[in-house]
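The values are calculated or read from the model by the stated rules, or taken from the named source; none is laboratory data. Given the structure is predicted, the values throughout are model-derived calculations rather than measurements. Here the Cβ positions follow ideal geometry from the backbone for every residue, glycine too, while neighbour counts run over all protein chains shown. Remember, those area values only see protein heavy atoms, side chains included, never the ligands or the DNA or RNA. Shrake-Rupley method; radii C 1.70, N 1.55, O 1.52, S 1.80 Å.
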Amino acid sequence: MLLDALDLSPTLDVLDVGAGDGRLVRELARRAHVGRVVGVDPTPEPGVQPASAEALPFPDASFDVVLFARVLAHLPDQARALAEARRVLRPGGRVWVAAHGPAQLRATWAALGQPLAPGKTQPEPALTLTCPLTVTADDARFLLDTYGEEAEVSPHLFSVQDAAQLLVWLLEP
């Protein structure tokens, strides 16, 4: 959904920062993206290069688009990461940041008995994407683990019909 919403030209050179398992990189390849697509992550999966968002291993003006999909809030030095993104961005390029919105997995957290974190005041996003999904008990256990949380996951409470929500901002270069 994110790639559909961004509607990237297939000739652009794209850097996915915090690419993790490389799913966006693979999806662009599946869509026959002909521009260069590079994913970086400090603990990369196959097809993703090892690199820190705060010290990108690319020359200045190397990419047309830099993506931060659900990663910026997890970085120790967000300002440095954004400065690096702007450094590797070509003139006229774009930095896109996507973060979970307040409706992210609301039903799942409720089923787990966890309170929702209070929302922060943020600038209005350029896009809001909501994707319906089903969360199983195994998914809930994994989700809790990624947040360093522990709670009893009662299988009878799952599967939960929920939604993933992304708020997407275009940052000025």
task: Would you be able to tell me the number of residues in segment 71-112 that are modelled with pLDDT under 85, assigned to a loop (DSSP other than H, G, I, E, B) and either open to solvent by 80 Å² or more (accessible area, probe 1.4 Å) or touching a Leu at 6+ places or on another chain (Cβ under 9 Å) (or both)?
output: 5
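For the condition in contact (Cβ under 8 Å) with a residue 60 or more places away in the chain and either within 27 Å of LEU133 (Cβ to Cβ) or among the β-branched types (Val, Ile, Thr) (or both), what is the one hit in VAL17, VAL40? Quick ask: steps written out before the conclusion?
Details: VAL40 fails: in contact (Cβ under 8 Å) with a residue 60 or more places away in the chain.
Answer to the selection: VAL17.
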query: Is segment 51-59 home to any residue that is part of a strand (DSSP E or B) and modelled with pLDDT of 95 or more?
result: yes
statement: Matching residues in segment 126-160 (under 27 Å from LEU3 (Cα atoms), in contact with a helix residue (DSSP H, G or I) (Cβ under 7 Å, 6 or more places away or on another chain) and open to solvent by 30 Å² or more (accessible area, probe 1.4 Å)) number 1
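Kindly establish whether ALA51 is farther than 18 Å from LEU166 by Cα and open to solvent by 10 Å² or more (accessible area, probe 1.4 Å). Reasoning before the result, please.
On the way: farther than 18 Å from LEU166 by Cα: yes; open to solvent by 10 Å² or more (accessible area, probe 1.4 Å): yes.
Judged against the criteria, ALA51 is a match.
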